[in-house]
Amino acid sequence: MRPESVRLASAVTLDAACGGGNGLACTELGKRYRDGRGVPRNDAKAVELYRGACSGGDPVGCAYMGDMLNEGRGVAKDVTGAVAFYDRACQGDSALGCWSLGDAYAMGHGVPRDDARAVPLYQRACDGDRPEACLRLGNCT
């Protein structure tokens, strides 16, 4: 599925595409379960879908999986595990993943506090159209 069609697809269509290994479909369906949009809210199901999305090569799914671990939603809280998913997302060019990884370093969540490591991560996220990262970048420099 293409990114523009994923947002418009039904949950049934997304489920079939996700089952076929489409990471984008898994991420979108995970967001719907996380938020209860068109399907019953189910954080554990969202976690399962985000893991599948990340394994299927969607870096945004990796970033959302990191969020679920960081918040302890649908899974035991694991800040160190969240950092690993944020890193994987950032390596896959997810601006969201780079922003979240930058936050981890800037705040010392799951990793030692290190502004020098946070700055280039925020820069990558800012360059990737994450305005929140641009603001954080300005606060670090």
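For this structure, a couple of remarks:
- Neighbour-count order for THR13, THR80, fewest beta carbons within 10 angstrom listed first: THR80, THR13
- Ordering ALA9, PRO59, LEU121 by the projection of their Cα atoms onto the charge dipole of the chain, which places +1 on the Cβ of Lys and Arg and -1 on the Cβ of Asp and Glu, puts ALA9 at the extreme positive end.
- Sites listed here are trypsin sites (Lys or Arg not before Pro) in the stretch 60-141 whose DSSP assignment is loop and whose Cβ has at most 15 other Cβ atoms within 10 Å: ARG73, LYS77, ARG113.
- Estimated at 0.36 nm per residue, the fully extended path between ARG113 and ALA76 surpasses their Cα-Cα distance by 11.0 nm.
- Top positive-direction residue, dipole computed over the chain with Cβ charges, set ASN139, GLY110, ALA76: ALA76
- For LEU49, LEU137, the sequence from fewest to most other C-beta atoms within 10 Å is LEU137, LEU49.
- Calculated P(r) tail over 17 Å for the chain, as whole % of Cα pairs: 58
- Note on LEU24, LEU101: ascending count of other Cβ atoms within 10 Å places them as LEU24, LEU101, the fewest first.
- Span from the the stretch 117-141 Cα centroid across to the the stretch 43-67 one, whole angstrom: 23
Each reported figure results from applying straightforward, stated rules to the coordinates on display, with no laboratory input. None of the values given here were measured: they were computed from a predicted structure. So basically every Cβ, Gly included, is an ideal-geometry build from the backbone, and we count neighbours across all protein chains shown.
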